[in-house]
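S.K.: Shown below is the structure under consideration.
The values are calculated or read from the model by the stated rules, or taken from the named source; none is laboratory data. This structure is a prediction, so every number in the text was calculated from the model and none was measured. We place every Cβ from the backbone using ideal geometry, glycine too, and count neighbours over all the protein chains shown. Calculation scope for accessible area: heavy atoms of the full protein, side chains included, ligands and nucleic acids excluded. Shrake-Rupley method; radii C 1.70, N 1.55, O 1.52, S 1.80 Å.
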Amino acid sequence: QVQFVESGGGLVQPGGSLRLTCAASGFDFRTTVMTWFRQALGKEREWVATIVPIGGIPMFADSVKGRFTISRDNAKNTMSLQMNSLKPEDTAVYYCNRVPLSTPWGQGTQVTVSS
């Protein structure tokens, strides 16, 4: 059974940082492209970043490029999203998934950027 568990969210002031973690199971993580999405209240879910299994150049949405980095640990079946210089518009529930996307999604982790 494919499963995603996101963690690391919280409340942070503008300009602050957070590190999100995704624990994945139920498939061969080492050979799977992984991705982060987010969904703000009242808005559709939007793509944030993608990382390939080994090497390659991660891809980021323009809205987070230069502020977010993505990494993975294939030995632990985990993926991380380091978020720096956070802005109020980054407030959302963050989700991880694989490519192609599978259901069900995880519960997500809430990130709130506010002073």
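S.K.: What pairs come up if the first residue lies in segment 49-63 and is touching a residue at least 40 places away in the same chain (Cβ under 8 Å), the second is of a type in the set (A, V, I, L, M) and open to solvent by less than 60 Å² (accessible area, probe 1.4 Å), and their beta carbons are under 9 Å apart, counting only those six or more places apart or on different chains?
M.R.: THR50/VAL33; THR50/MET34; THR50/ILE70
S.K.: So which of ARG45, ARG19, ARG67 ends up being over 19 Å from GLY106 (Cα atoms), modelled with pLDDT of 95 or more and open to solvent by 20 Å² or more (accessible area, probe 1.4 Å)?
M.R.: Matching residue, one of ARG45, ARG19, ARG67: ARG67.
S.K.: Sticking with this structure for a sec: Restricting the first residue to segment 86-115 and requiring it to be closer than 21 Å to VAL33 by Cα and open to solvent by less than 80 Å² (accessible area, probe 1.4 Å), which pairs with a second residue that is in a loop (DSSP other than H, G, I, E, B) and of a type in the set (S, T, N, Q) meet a Cβ separation below 6 Å and a spacing of at least six or different chains?
M.R.: ARG98/THR32
S.K.: Of the residues that sit in segment 1-16 and are more than 13 Å from ASP90 (Cβ to Cβ) and touching a residue at least 60 places away in the same chain (Cβ under 8 Å), which one is surrounded by the most Cβ atoms within 10 Å (Cβ to Cβ)?
M.R.: GLU6
S.K.: Right, next: Which one of MET34, MET83 is touching a Cys at 6+ places or on another chain (Cβ under 7 Å), touching a residue at least 40 places away in the same chain (Cβ under 8 Å) and either open to solvent by 70 Å² or more (accessible area, probe 1.4 Å) or of a type in the set (A, V, I, L, M) (or both)?
M.R.: MET34
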